[in-house]
Amino acid sequence: MSVVTVQLGQCGNQVGQELFDVLCSDALAGQRKTYSTASCERFFHQTAKGDLEARAVLIDMEPKAINSSKSKALKGGRWRYGEASHFSQKQGSGNNWANGFCIHGPHHKDAVEELVRREVERCDRLAGLMTMMSVAGGTGSGVGTYITQCLRDIYPASFVLNHLTWPFGTGEVILQNYNSVLTLAHLYQLSDAIIVHENDTVQRICSQLLNIKPIAFTDINRVIAHQLGGVLQPALTPDSNGVYSLNPIGELVSALCCHPEYKLLSVSTIPQMPSSSVPYSSFSWTGLLKHLRQMLISNTKMEEGIDWHVRPPPASGRIRSAAGSSFNTSLANLLVLRGKDVYSAETGSFEETTIYTPWLSPSEAFSAWKSPIPFNKYEKSATLVSNSQALLGPLDDIVRKAWNMFASRAYIHQYDAFGISEESFLDSFTALEQVISSYRELQS
């Protein structure tokens, strides 16, 4: 089954190009025909000349990012985007969600829907749709939200997965908190699951783990792409009977999003280190999973700086852990293991009752996918996709900053000019306050 990706805005197109590059490089590496075939069918289709074309549609209101993504793909020589799989204009959305959602989205709706329809019809079987966008700007967030709404209407029986890049906390654009609130509130009604990457976290990974200096957006996008690839590439599920899973998006959603109030997914990967260090490093599944589990329960986004003092609360009472640290309660976790001796990896530490909310048993809350094929230069690697309280702090922070601006009516007129009223803002704040409340209640 195949996934159609819709890349929206500058960020969505840049991250999408890096993702397809990672997927193709991994699929074509080494002699592993079954794995390669499964991956290529999932994300690419083959032209009459035998070239690999990404199952993707590229959307932006300015042509620069799309042209750059197409050019980089062609230069790599392994895959490319379709000649007619993109749509752009010559004027952006001015970093205004309302301009993208109320003006550009509806105006170009038919053209974008036609591009998506063509890609969907090229699939023998559609596994689902994945949109990639930033929440900070105008096109990715505003047009992206509108297009997601259209996709939900046209393909009501298909899974829709949104990948969102959250802006730096210090600020990329003055309106980013408004744009983020409006995007998240709307997508929560439309999407089956929302995978989030925070720019601040990924930048720390580049700096502290990968020793990249200076750090460019290309470096950040590649880290995001590798983490997503670790989730989306073929793997064996408990129910797949030795055959690579057919529907990655559907199986991801069913494993992690059992309740409509809980759709926010975070991703952690281990190990992550400079390529030059890999030949001198050795990994054991016991060590990798011990570190990844502690990253989960202490809500540490990378290996460096893990708080080893955090412990699960006693089974008899869900309370804050000692030393003043907050324990990260999970609704559901998906562990994806790839590499040598993968079937000997012991995952029991992720199945402890105390990790999860009391109203869901670990047998329902935890899933493990495995593949003996190494990924991203590592002999052994593990990726954890978590539906937990991990994103509660960042979400609360964005809502708080947006509310402080809204309380003084700052920049509201720029949204009102395109048809987004104060009532629309209030509805969005209410929706996200409910999401925040639901995630807080996981501990009770």
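The values are calculated or read from the model by the stated rules, or taken from the named source; none is laboratory data. Predicted model only: the values in this text are computed from it and were never measured. Here Cβ is always computed from backbone atoms with ideal geometry, including for glycine, and neighbour counts include all displayed protein chains. With ligands, DNA and RNA removed, areas are computed over all heavy atoms of the protein, side chains included. Shrake-Rupley method; radii C 1.70, N 1.55, O 1.52, S 1.80 Å.
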Which order do K370, K290, K64 take when ranked by solvent-accessible area (1.4 Å probe, heavy atoms of all protein chains), largest first? K64, K290, K370
Take every Cα pair under 8 Å in the chain that's 6+ residues apart, average their separations, divide by the length, and report that relative contact order as a whole percent. 15
Can you list the aspartates and glutamates whose alpha carbon sits under 17 Å from that of K401, skipping same-chain ones fewer than 8 residues off? E172, E198, D200, E422, D427, E433
With a 1.4 Å probe and all protein chains left in place, how much of the accessible area of the chain comes from carbon and sulfur atoms, in whole percent? 50
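At 20 Å minimum axial length over the Cα atoms and a Kyte-Doolittle cut of 0.5, report the qualifying DSSP H helices in the chain, or say none. Don't skip to the answer; put the middle values down first.
On the way: long enough: 9-28 (28 Å, 0.14); 176-190 (21 Å, -0.01); 217-232 (22 Å, 0.62); 392-407 (22 Å, 0.18); 422-440 (27 Å, -0.18).
Both cut-offs are met by 217-232.
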Per the rule of 0.36 nm per residue minus the C-alpha distance, extending Q208 to S437 adds in nm 79.1 nm
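Where does each of L161, L236, L426 land when they are ordered by accessible area, with a 1.4 Å probe and the largest first? Each step should come with its number before you reach the end.
Values: L161 0, L236 35, L426 75 Å².
Output order, biggest surface exposure first: L426, L236, L161.
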Once label points are set 7 Å from the Cα along Cα→Cβ at both S254 and I412, what is their separation, rounded to one decimal in nm? 4.6
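Using R₀ = 41 Å, calculate the FRET efficiency as 1/(1 + (r/R₀)^6) where r is the Cβ-Cβ separation of R311 and K75; round to 0.05. Numbers along the way, then the final one.
Values: r = 50 Å, r/R0 = 1.22.
Using R0 = 41 Å, I get an efficiency of 0.25.
Given K301/K340; K33/K370; K263/K370; K64/K90; K70/K90; K290/K380, which pairs have Cα atoms separated by over 19 Å? Numbers along the way, then the final one.
Working: K301/K340 25 Å; K33/K370 17 Å; K263/K370 23 Å; K64/K90 9 Å; K70/K90 17 Å; K290/K380 14 Å.
Long pairs (Cα-Cα over 19 Å): K301/K340; K263/K370.
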For the range 1-121, taking Cα atoms only, what is the radius of gyration to one decimal and the Dmax to the nearest whole Å? 15.2, 49
Antiparallel DSSP beta bridges within the chain, percent to nearest 5: 35
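May I ask you to give the solvent-accessible area per residue for the range 401-441, in square angstrom, as obtained with a 1.4 angstrom probe?
55
Please list D110, D26, D416 from largest to smallest accessible area, probe radius 1.4 Å, with all protein chains kept in place. Provide the component values of the computation, followed by the final result.
Working: D110 115, D26 15, D416 95 Å².
Most to least solvent-accessible, the answer reads D110, D416, D26.
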Residue of M302, M132, M405 that the Gaussian network model of the chain assigns the largest fluctuation, springs spanning Cα pairs under 10 Å: M405
Kindly report, to the nearest 10 Å², the accessible surface of E346 as traced by a 1.4 Å probe over protein heavy atoms only. 140
Compute the accessible area per residue over the range 137-250, keeping the other protein chains in place, probe 1.4 Å, unit Å². 33
